[in-house]
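Visitor: Right, I'll just put the structure down here and ask away after.
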């Protein structure tokens, strides 16, 4: 999630760092739920929109 999607530069940096390398999905999910739970609705909206675009 980029800073413009998140609106919080520190959160964007930490979440971007979490998705790097092995275990990325687990780290991203943990970071999101433990530190930035207020961003979960935005993440779900982003994820759902991307899935809908991908599905056609």
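The values are calculated or read from the model by the stated rules, or taken from the named source; none is laboratory data. It should be emphasised that the depicted structure is a prediction, and the values quoted were computed from it without experimental measurement. Note that we place each Cβ from the backbone using ideal geometry, even for glycine, and neighbour counts take in every protein chain shown.
Visitor: Looking only at the range 13-32, how many residues end up being without any contact (Cβ under 8 Å) to a residue 12 or more places away in the chain and either within 10 Å of the chain's Cα centre (by Cα) or at positive phi (or both)? So that I can check it myself, show each step before the final result.
Guide: Applying the first criterion (without any contact (Cβ under 8 Å) to a residue 12 or more places away in the chain) to the range 13-32 yields 13, 17, 19-27, 29.
Subset that is either within 10 Å of the chain's Cα centre (by Cα) or at positive phi (or both): 19, 21, 23, 25, 29.
Of the residues in the range 13-32, 5 are without any contact (Cβ under 8 Å) to a residue 12 or more places away in the chain and either within 10 Å of the chain's Cα centre (by Cα) or at positive phi (or both).
Visitor: What pairs can you find where one residue is in the range 35-53 and assigned to a helix (DSSP H, G or I), the other is modelled with pLDDT of 90 or more and surrounded by 11 or more Cβ atoms within 10 Å (Cβ to Cβ), and their Cβ atoms are less than 8 Å apart, with a gap of 6+ or different chains?
Guide: If the second residue must be modelled with pLDDT of 90 or more and surrounded by 11 or more Cβ atoms within 10 Å (Cβ to Cβ), the pairs left are 39/32; 40/32; 40/33; 43/32.
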